[in-house]
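Participant: Have a look at this one before I ask anything.
The values are calculated or read from the model by the stated rules, or taken from the named source; none is laboratory data. Computed from a predicted structure; not experimentally measured. Note that each Cβ is placed from the backbone with ideal geometry, even for glycine, and that neighbours are counted across all protein chains shown. Each accessible area value is taken on the protein alone, full model and side chains, heavy atoms only, with ligands, DNA and RNA left out. Shrake-Rupley method; radii C 1.70, N 1.55, O 1.52, S 1.80 Å.
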Amino acid sequence: MAKLVLLVEGVTQREYPLTEGTVRIGRDTVNDIQLDDDTVSGSHAEVSIKQSQYIDGTNDFWLRDLKSTNGIKVNGQRVNRHLLHNEDEILIGPYLLRFLDPSQQGFARTTRISIDDDG
(Lines give C-alpha, C1' and ligand atoms only; values in the text may rest on other atoms or scores of the structure.)
Protein backbone atom coordinates (compact mmCIF):
# COMPACT_ATOMS: atom_id res chain seq x y z
CA MET A 1 0.00 0.00 0.00
CA ALA A 2 1.27 3.47 -0.90
CA LYS A 3 1.86 5.96 1.89
CA LEU A 4 3.38 9.27 2.89
CA VAL A 5 5.92 9.08 5.69
CA LEU A 6 6.56 12.15 7.83
CA LEU A 7 10.25 12.38 8.73
CA VAL A 8 11.97 14.61 11.29
CA GLU A 9 15.77 14.54 11.15
CA GLY A 10 15.56 11.29 9.20
CA VAL A 11 13.37 9.53 11.77
CA THR A 12 9.84 8.37 10.92
CA GLN A 13 7.28 10.27 12.99
CA ARG A 14 4.06 9.12 11.33
CA GLU A 15 2.78 7.21 8.31
CA TYR A 16 -0.27 8.18 6.26
CA PRO A 17 -1.74 5.43 4.03
CA LEU A 18 -2.92 6.54 0.57
CA THR A 19 -5.80 4.26 -0.33
CA GLU A 20 -8.38 6.15 -2.40
CA GLY A 21 -9.84 9.53 -3.22
CA THR A 22 -8.00 12.67 -2.22
CA VAL A 23 -5.74 13.29 0.77
CA ARG A 24 -5.53 16.97 1.80
CA ILE A 25 -2.47 18.46 3.47
CA GLY A 26 -2.32 21.74 5.37
CA ARG A 27 -2.34 23.62 8.66
CA ASP A 28 -6.14 23.57 9.23
CA THR A 29 -7.56 20.79 11.37
CA VAL A 30 -9.92 19.68 8.56
CA ASN A 31 -6.96 18.29 6.56
CA ASP A 32 -6.17 14.57 6.46
CA ILE A 33 -2.52 15.44 7.15
CA GLN A 34 -2.22 18.42 9.48
CA LEU A 35 1.15 20.19 9.55
CA ASP A 36 1.30 22.78 12.31
CA ASP A 37 3.65 25.55 11.17
CA ASP A 38 3.09 29.15 10.06
CA THR A 39 4.85 28.45 6.73
CA VAL A 40 2.18 25.86 5.85
CA SER A 41 -1.05 27.24 4.34
CA GLY A 42 -4.42 26.26 5.76
CA SER A 43 -5.09 24.18 2.63
CA HIS A 44 -1.62 23.69 1.19
CA ALA A 45 -1.62 20.63 -1.09
CA GLU A 46 -3.43 17.44 -1.96
CA VAL A 47 -2.67 13.98 -3.28
CA SER A 48 -5.26 12.58 -5.70
CA ILE A 49 -5.32 8.83 -6.07
CA LYS A 50 -6.49 7.64 -9.48
CA GLN A 51 -6.45 4.34 -11.31
CA SER A 52 -3.48 4.23 -13.69
CA GLN A 53 -4.25 4.60 -17.39
CA TYR A 54 -1.20 2.58 -18.29
CA ILE A 55 -0.75 -0.28 -15.81
CA ASP A 56 -3.76 -2.37 -14.83
CA GLY A 57 -4.29 -2.82 -11.11
CA THR A 58 -2.11 0.13 -10.07
CA ASN A 59 -2.79 3.69 -9.03
CA ASP A 60 -1.27 7.03 -9.96
CA PHE A 61 -0.68 9.54 -7.18
CA TRP A 62 -0.84 13.19 -8.23
CA LEU A 63 0.46 15.86 -5.85
CA ARG A 64 -0.98 19.33 -6.43
CA ASP A 65 -0.25 22.68 -4.81
CA LEU A 66 -3.50 24.37 -3.74
CA LYS A 67 -2.20 27.90 -4.45
CA SER A 68 -0.30 27.89 -1.18
CA THR A 69 1.74 30.90 -0.10
CA ASN A 70 5.09 29.09 0.11
CA GLY A 71 4.65 26.32 -2.46
CA ILE A 72 5.86 22.73 -2.45
CA LYS A 73 9.05 21.06 -3.58
CA VAL A 74 9.55 17.51 -4.81
CA ASN A 75 13.13 16.26 -4.79
CA GLY A 76 14.33 19.85 -4.44
CA GLN A 77 12.33 21.25 -7.38
CA ARG A 78 9.36 23.57 -6.90
CA VAL A 79 6.24 22.09 -8.51
CA ASN A 80 2.58 22.95 -8.94
CA ARG A 81 1.55 19.44 -9.99
CA HIS A 82 3.61 16.26 -9.92
CA LEU A 83 3.07 12.55 -10.55
CA LEU A 84 4.64 10.92 -7.50
CA HIS A 85 7.18 8.13 -7.85
CA ASN A 86 8.45 5.75 -5.21
CA GLU A 87 10.83 7.50 -2.77
CA ASP A 88 9.99 11.06 -3.92
CA GLU A 89 10.68 13.56 -1.15
CA ILE A 90 8.10 16.32 -0.66
CA LEU A 91 8.98 19.49 1.25
CA ILE A 92 6.07 21.51 2.65
CA GLY A 93 7.29 24.28 4.91
CA PRO A 94 9.80 22.62 7.26
CA TYR A 95 8.15 19.20 6.87
CA LEU A 96 9.64 16.37 4.84
CA LEU A 97 7.26 13.71 3.56
CA ARG A 98 8.57 10.68 1.67
CA PHE A 99 6.24 8.97 -0.81
CA LEU A 100 6.57 5.19 -0.72
CA ASP A 101 4.76 2.83 -3.07
CA PRO A 102 5.95 -0.80 -2.96
CA SER A 103 4.10 -1.53 -6.23
CA GLN A 104 6.50 0.87 -8.03
CA GLN A 105 9.75 -0.57 -6.67
CA GLY A 106 10.63 -2.46 -9.84
CA PHE A 107 9.87 0.43 -12.20
CA ALA A 108 12.54 2.58 -13.80
CA ARG A 109 11.91 6.32 -13.74
CA THR A 110 11.11 7.74 -17.18
CA THR A 111 12.27 11.14 -18.37
CA ARG A 112 9.86 13.08 -20.57
CA ILE A 113 11.31 15.50 -23.09
CA SER A 114 9.09 18.10 -24.77
CA ILE A 115 10.07 19.43 -28.17
CA ASP A 116 8.65 22.81 -29.15
CA ASP A 117 7.59 23.50 -32.74
CA ASP A 118 9.57 26.76 -32.62
CA GLY A 119 12.95 25.14 -32.56
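Participant: Pairs of Cα atoms under 8 Å, at least six residues apart: use those to get the relative contact order of the chain, whole percent.
Facilitator: 22
Participant: Send over a whole-number figure in Å² for the accessible area per residue of segment 1-78, probe 1.4 Å.
Facilitator: Result: 62 Å² of accessible area for each residue.
Participant: Using only the heavy atoms of the protein chains and a 1.4 Å probe, how would TYR54, TYR95, TYR16 rank by accessible area, largest first?
Facilitator: Listed by decreasing accessible area, they come as TYR54, TYR95, TYR16.
Participant: Taking the Cα-to-Cβ direction at LEU66 and at THR19 and moving 7 Å from each Cα, how far apart do the two end points lie in nm?
Facilitator: Between LEU66 and THR19, the label points sit 2.1 nm apart.
Participant: Hey, how many Å between the Cα centroid of segment 78-105 and the Cα centroid of segment 22-57?
Facilitator: Cα centroid to Cα centroid, the span is 11 Å.
Participant: Still on this structure: What is the projected area of the convex hull of the Cα atoms of the chain, averaged over all directions, in nm²?
Facilitator: If you wrap the Cα atoms of the chain in a convex hull and average its projections, you get 8.9 nm².
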